[in-house]
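Comments concern the structure below.
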Amino acid sequence: MAAASFFKHLARPQAYICKDCIRYGAIARQARRAISDGWLRKTAEAEIAWKEQSKLIGAGEKQSTLAVLEERGFIKDIAGGRDELDNLMTNKRIGAYVGVDPTAPSLHVGHLLPLMALFWMYLHGFGCTTLLGGATAKVGDPSGRLSARDAQKADSQKMNMIAMHVQLKKLWSNVDALAGRFGYQKEWAWKRALLNNNAWLNKLGITEVLRDLGPGLRLGTMLAKDTVKTRLEKGDGMSFAEFCYPLLQSWDWWHMYQANGIQLQIGGSDQYGNICAGMDAINYMRKTYHAPHLREGLDGPLMAPFGFTTPLLTTSSGEKFGKSAGNAIWLDPEMLSSFDLYGFFVKSSDDDIERYLKLFTFIPLPQIKLVMTHHMTQPEQRHAQHLVAKEFVSLVHGVPAAEKAEKEHKALFAGGSKTLNLDALRNAPRNPGKASPSPQEDMSMSLNKFAPQVNAQNAPQKYTSLPKSLVMGSAFPQILYSAGLVSSRSEGHRLVSAQGAYVAGQPDGDSIGNSLNWSAMKHFETDKPQKYILDGNLLVVRVGKWNIRMCHILEDDDFEAQGLTCPGWEEFKEREKAKADAATGVGSSPLFPM
Ligand SMILES: Nc1ncnc2c1ncn2[C@@H]1O[C@H](COP(=O)(O)OP(=O)(O)OP(=O)(O)O)[C@@H](O)[C@H]1O
Ligand SMILES: N[C@@H](Cc1ccc(O)cc1)C(=O)O
């Protein structure tokens, strides 16, 4: 919400606060944020700094942020006009967002294109939001697809959402660290958020959408969209739910436009249709929304929504890298090791590498030019490829993982790319549970081999199964031990006492429906693990910042029938048996010595 209307809300007596104001956050923010003099001063200073910067841009003394993005190759198409967007971004610190549907357990390299554009905007002072489509994932975006997505079970939807939530958080924290190395030091005015559209779409009534947006949606326009036409003509038809997907995405944007001042949506080029649908929806709502006080001030040109798309990252044959094509290069180190992720970039061709340096690193352009000049003197050394690989792995897995992967890869090619070091190759780490490939296999590794290898024997560490009786009859230290997060129950005990372990959700409430909240584990009787079980069969626990376990709870018989076990399970059964025996007197009666 624009600053002017925000302050107007502060002055308005409580009796006049309407439902929409509450929903769009003005009041919630008012209650949460004590507006101190310091905050007002910093806001005013940030505003002045922005004005100074726009003067420099206007005078041609500084590059505009849109020009920076263009120069690095992030812009494919702009919706709303290039010069108009440039003008808006120069004169106003607008909010921008990228949405991702958690329809897989991990982000992949393709996602990084729109996300890197967003990261650059963040480093240039814009308010940046990553949106997890917890609600939209339940419908599935039909864009660019000839067939409907397979329905996902509720528990895997939830696990994907949690995994991506943690991944995005970590990515953002790595952005701060990496960008700092290139001189971008976090400033007060830089704002970022991670939202989940479950928070508003799950509460949205169909009558509200039909009343507010329905009259502005023209069937002719919706039916003429490429995705719809292609599906009807060449695909397997389209369900009403999929047909309505752009409507949900549009509502997201309208919601965040109102509540968070988001005027720009960024997506891969397959999102162009959805972005345009969202712009049409916002423009319609700006004129017609039924609550006039919320419409106030939305009509000027500096309030218009815009969008841009990034180019698609494709294979050499032009196929999009993504989940649906089955060729995703996963960012989760449990699905693709740092070594293999590094390897993906080391294998990229000289034709692509300069583009990748611009798209996937924060290295300034003049430095990239120098790197390329040096690279071309000895292209067989793959100098530029190693640099992209290292920067990319640092961004998604962290600097130590990248340094390790670099060392391992360089060891493989000691003395130049033609002399493959077979000993090093034999010892190089692979994905957990995967057999090491032969050197020939490794050198010709096809991209499909990067697809996730998630199965019972080779389940990523982040996921584990626990027997129901253990979960129902244990305290947190035991759960931490059985989930493999600590090496003993006493270590678990110490960690819980020190408030260093967390459980997702709130007692007796499925609070991760809307976003992922963590509660510090406690020893109290009233705060038992059982109270945090989600959807009847999922317990999510965390130690430290990023070490999480999603524990799938199985009936004891199923757990054992699948040949599973976990730390402490045998002892737990013995303890339970001893307790039962003691209760029935077996083994403790002097009359029946055992
Ligand atoms: N290969 C890619 N190149 C550029 N952008 C991509 C690529 N893959 C996904 N994106 C973008 O990332 C965002 C989130 O994409 P989404 O969650 O649909 O993933 P996806 O892998 O494209 O899924 P699917 O293949 O199942 O459609 C979108 O803006 C999308 O355009
Ligand atoms: N539809 C996007 C994801 C998305 C979801 C919700 C949004 O508001 C925006 C984007 C995709 O599948 O790639």
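Within a Cβ distance under 10 Å of Gly216, other residues only, what is the Lys/Arg minus Asp/Glu net charge? Spell out each step's value before the answer.
Details: positive: Arg218, Lys287; negative: Asp212, Asp280.
So the environment of Gly216 carries a net charge of 0.
Can you list which of the chymotrypsin sites (Phe, Trp or Tyr not before Pro) found in segment 488-582 are DSSP loop residues with at most 10 other C-beta atoms within 10 Å? All intermediate terms of the calculation are to be shown ahead of the outcome.
On the way: sites: Tyr502, Trp518, Phe524, Tyr532, Trp546, Phe559, Trp569, Phe572; in loops: Phe524, Trp546.
Sites meeting the loop and neighbour criteria: Phe524.
Can you list residues whose amide H is under 5 Å from Ala193's amide H, if they're 5+ apart or on another chain and H is modeled 1.01 Å from N?
Amide H neighbours of Ala193: Cys128, Thr129, Thr130.
If you take every residue apart from Leu248 with its C-beta less than 11 Å away from the C-beta of Leu248, what net charge results, scoring Lys and Arg +1 and Asp and Glu -1?
Working: positive: Lys138; negative: Asp101, Asp141, Glu242, Asp252.
Counting the neighbours of Leu248, the net charge comes to -3.
Projected area of segment 65-310, taken from the Cα convex hull and averaged over every viewing direction, in nm²?
On the way: hull surface 54.1 nm².
For segment 65-310, averaging the hull's shadow over all directions gives 13.5 nm².
Using a 1.4 angstrom probe on heavy atoms only, work out the carbon and sulfur share of the accessible area of segment 65-310 in %. The partial results should precede the final answer.
On the way: 5180 of 9350 Å².
Summing carbon and sulfur atoms, their accessible area is 55 percent of the total for segment 65-310.
On the first, second and third principal axes, largest extent first, how far apart are the outermost C-alpha atoms of segment 102-239 in Å?
So the extents along the principal axes, rounded to whole Å, are 51, 32, 29.
Restrict the search to segment 71-149; then list the trypsin sites (Lys or Arg not before Pro) that DSSP places in a loop and that have at most 15 other Cβ atoms within 10 Å of their Cβ. Walk me through the intermediate numbers first.
On the way: sites: Arg72, Lys76, Arg82, Lys92, Arg93, Lys138, Arg145, Arg149; in loops: Arg72, Lys76, Lys92, Arg93, Arg145, Arg149.
Hits after loop and neighbour filter: Lys76.
Roughly how many Å² is the accessible area per residue of segment 463-584, as a whole number, for a 1.4 Å probe?
Counting only protein heavy atoms, the per-residue value for segment 463-584 is 48 Å².
On a straight-distance basis, which lysines could pair with Lys462 in a cross-link, Cα separation under 17 angstrom, same-chain partners fewer than 8 positions away excluded?
Candidates past the 8-residue exclusion: Lys158, Lys169, Lys170, Lys434, Lys545.
Regarding segment 463-584, what's the average projected area of the Cα-atom convex hull, expressed in nm²?
Details: hull surface 31.2 nm².
Averaged projected hull area, Cα only: 7.8 nm².
Would you mind getting me the FRET efficiency between Glu576 and Leu232? Use the beta-carbon distance for r and R0 = 35 Å, nearest 0.05.
Details: r = 59 Å, r/R0 = 1.69.
Given R0 = 35 Å and the Cβ-Cβ separation, E is 0.05.
Once R0 is set to 22 Å, what does the formula 1/(1 + (r/R0)^6) return for the Cβ-Cβ distance between Leu365 and Ala325, expressed as a FRET efficiency to the nearest 0.05? Kindly include the intermediate steps, with their values, before the conclusion.
On the way: r = 31 Å, r/R0 = 1.42.
That gives a FRET efficiency of 0.10.
For segment 274-399, list log₁₀ I(q)/I(0) at each q in 0.11, 0.15, 0.19, 0.23 Å⁻¹, using the Debye formula over Cα point scatterers of equal strength and ignoring solvent, two decimals each.
-0.59, -0.80, -1.03, -1.36
At 1.4 Å probe size, with every protein chain present, just tell me what the per residue accessible area of segment 65-310 comes to in Å².
Ligands and nucleic acids excluded, the figure is 38 Å² per residue.
Excluding Ala304 itself, calculate the net charge of residues whose Cβ lies under 15 Å from the Cβ of Ala304, where each Lys or Arg counts +1 and each Asp or Glu counts -1. Walk me through the numbers before you get to the answer.
Working: positive: Arg82, Lys92, Arg286, Lys287, Arg295; negative: Asp83, Glu84, Asp86, Asp280, Asp299.
So the surrounding residues net to 0.
Just how much of Thr227 is accessible, in Å², when a 1.4 Å probe is used and the result is rounded to the nearest 10?
40 Å²
Over the Cα atoms, compute the radius of gyration (one decimal) and Dmax (the largest Cα-Cα distance, rounded to a whole number) for segment 192-306, in Å.
Cα-based Rg and Dmax for segment 192-306 come out at 14.6, 46 Å.
Please report, in Å, the Rg and the Dmax of segment 167-234, where both are computed over Cα atoms only.
Rg and Dmax of segment 167-234, Cα atoms, are 20.6, 52 Å.
Using θ = phi - 60° and the Karplus relation 6.51 cos²θ - 1.76 cosθ + 1.60, list the HN-Hα couplings for segment 243-253 in order, rounded to whole Hz, with x at every Gly or Pro.
4, 7, 3, x, 5, 5, 5, 5, 5, 3, 5
The values are calculated or read from the model by the stated rules, or taken from the named source; none is laboratory data. Since this is a predicted model, take the numbers as computed values, not measurements. Using ideal geometry, Cβ is built from the backbone for each residue, glycine included, and neighbour counts are taken over all protein chains shown. Please note that ligands, DNA and RNA were not included when accessible areas were found on the heavy atoms of the full protein model with its side chains. Shrake-Rupley method; radii C 1.70, N 1.55, O 1.52, S 1.80 Å.
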